[in-house]
Every structure is written in C-alpha cells, then in structure tokens.
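Novice: Here you go, one structure.
Coordinate-derived values only; no laboratory data. All figures in this text were calculated on a predicted structure; none of them were measured in a lab. Neighbour counts run over all protein chains shown; Cβ positions are idealised from the backbone, glycine included.
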Amino acid sequence: MIKEPDQSVWNRFWEQKNDMKKVYPSSPSVLQAIKKNFKLDGLKVLEVGAGTGRDSAELARLGAEVYVLDFADNSLKIVDGLRCRENLTENLHLIRGDAFKSPFPDNTFDLVFHQGLAEHFKDSLPLIKENFRILKHGGCCLCDVPQTVHPYTVIKHILIAFDKWFAGWEKQFTMPQLKSLMTEAGFENIYAYGDWMRPNLFYRILREIAFKVGVELPMYPFQGSEYQKLKDSLLDAIQSKSWAHWTQLCIGVIGRKP
C-alpha cells in the first residue's frame, strides 16, 4: 500500500533529528555538482524540502541569494537556528509552503534543487513541472534521488512491507528513469552524477543501532586519514561515469529550462 508521508511525518522526523551534530548532511555530490556548474555570487537559488538546510547555508556563505521552501515547521526551525548562528539572515530566507504549489511567480529562480524529495511521491512529475514553472528561462533544476540497484532499496522495501519505514513509503529511480522524468517536465538534461554513501550504508545502520543502546559512534570513522582522502579522491573521480550510476546510492540530474 502506497502511503505518501504527510506534514506530520516530517515534523516528527525533524523533531527527532534536531541535533545536527548527529545527522548526516546530504550527499556531498549535491554541492559539488552545483559548484561545478554555476557561478554562485548573486545566483537566486531555491532549495525545496531542505531538511537541516546545510547545503543552502553553504551556498549563502558563497554569495548566493538562497530561499528554503518546506512545509515542516520543525525543519524550518532547524534551518533558522543554523542561519542565525552563522549570521546568514540577509541572504538565507525561509518560506513555509507546498512544493507542488510554491508561493513564487513564474520565472523567479536561477536554480532550484532538492535531495531526498521526489522519491516520496507516487507521481513526481507535478513536482518537477512546478520547479520548471518557477525557473527563469535558462535556469536549472537539480533533482537528487535514491538509485534502484543498491542494497538500500532491498532493506527499504522490507521495512516498508512491515510498516517500519520512517517515511511510510518511498520509491527509487534508475538514471534513465530520472532523466526521462526531467525531460517529460520540459528540461534539457545537461549534467548527471551519482554518489556512494559516505560513510557506507552498513556503517550508518551500525551507528543507528548503537544510538539505541546509548553508544555514539563517530559520524566519519576515518575522517582526515590518508585512507579516507584516497578513497574520496577515487570516488570523486568516477562518480559521473555512466556505469557507476548503476552502483551508487544516490543519483542526480541537472536539467536546464530552455
């Protein structure tokens, strides 16, 4: 049974995840893809479904004019705390609203992006079409989603079957499916990437289990080590190869509005 998460699900989720020191940020490839493809100074950006807002905060620090749209109050509270602590109130703006009916006029933004959003809806096309509407001509949308061929998918659907998945229900995409979604919404696909979970899925599961018994494992067990630097360099070098997209946890596409 498909049970899309509603506002109460996300408010409850972010109430439990309000300590950012314990919550993993989104895939580093999201920011890497944005930095690689856009000049950030003065760029008008919207993040939809921002979670902790750390990507938006980083873009604001780099000179973009950033708006965050979310319908979960507890997510916006987390982002507001972040922007106040980092003195980003002038160029990081919070909007509570519906991603499918966003409160912006046509042709408003240079870039719209979201990570971990499109997979939560049975029909993701209206979301991407709404992104298309509020982008300027020549503007771009970055959509980042879970990739199908991964152990994460198997574990997720087992938990969904037992009604134990945190969001109730979630789908996934192959790269051809994601590109097709963007094209159907009217975009020209200009860039594709993917990323493996860092640290990997099984370490994160172990860390969550440890939390339940009162043990806090480090977020990044080998951070700063030569091993970690070498591993990250290798993954960064191959993350945009087409064959790699069939092995990665997350994949993303940037589409341009003609």
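Novice: Tell me the Rg and the Dmax, in Å, that the Cα atoms of the chain produce.
Specialist: Every Cα atom of the chain included, Rg and Dmax give 17.7, 53 Å.
Novice: Once fully extended, how much extra length lies between Y24 and D41, figured as 0.36 nm per residue of separation less the alpha-carbon to alpha-carbon distance?
Specialist: Extra length from Y24 to D41 when fully extended: 3.5 nm.
Novice: Return the distance in nm (one decimal) between the two label points of a simple spin-label model at S242 and Y191, each offset 7 Å from Cα along Cα→Cβ.
Specialist: The two pseudo-label positions are separated by 2.0 nm.
Novice: With a cut-off of 8 Å between alpha carbons and a minimum separation of six or more residues, what is the relative contact order of the stretch 152-232 in percent?
Specialist: After rounding, I find 15 percent.
Novice: Using the beta-carbon distance between I2 and N87 and R0 = 30 Å, what value does 1/(1 + (r/R0)^6) give for FRET efficiency, to the nearest 0.05?
Specialist: Efficiency computed from Cβ-Cβ geometry: 0.10.
Novice: Below 9 angstrom from the Cβ of C140, what's the summed charge of the other residues (Lys, Arg +1; Asp, Glu -1)?
Specialist: +1
Novice: What aspartates and glutamates does K241 reach when the alpha-carbon gap must be under 13 Å and sequence neighbours fewer than 8 apart in one chain are set aside?
Specialist: Correct list for K241: D195.
Novice: Please give every one of the lysines within straight-line cross-link reach of K171, meaning a C-alpha to C-alpha distance under 21 Å, and leave out same-chain neighbours fewer than 8 residues apart.
Specialist: Candidates past the 8-residue exclusion: K3, K122, K129, K156, K179.
Novice: Spin-label point model (7 Å from Cα, Cβ direction): what's the T153 to L234 distance in nm?
Specialist: Spacing of the two 7 Å Cα→Cβ label points: 2.4 nm.
Novice: Relative contact order for the stretch 33-191 using alpha-carbon pairs under 8 Å, separation at least 6, rounded to a whole percent?
Specialist: Reported relative contact order: 19 percent.
Novice: Take the Cβ-Cβ distance between F162 and I205 as r, set R0 to 25 Å, and report the resulting FRET efficiency rounded to the nearest 0.05.
Specialist: That pair, F162 with I205, gives E of 0.95.
Novice: Along the positive direction of the dipole of the stretch 212-258 (beta-carbon charges: Lys, Arg +1; Asp, Glu -1; about the Cα centre), which of A244, P218, G255 reaches farthest?
Specialist: Most positive-ward Cα: G255.
Novice: As an exercise, identify the chymotrypsin sites (Phe, Trp or Tyr not before Pro) in the stretch 181-252 lying in DSSP coil whose Cβ has no more than 16 other Cβ atoms within 10 Å.
Specialist: For chymotrypsin sites (Phe, Trp or Tyr not before Pro) across the stretch 181-252 that sit outside H, G, I, E and B with at most 16 neighbouring Cβ atoms in 10 Å, the list reads F222.
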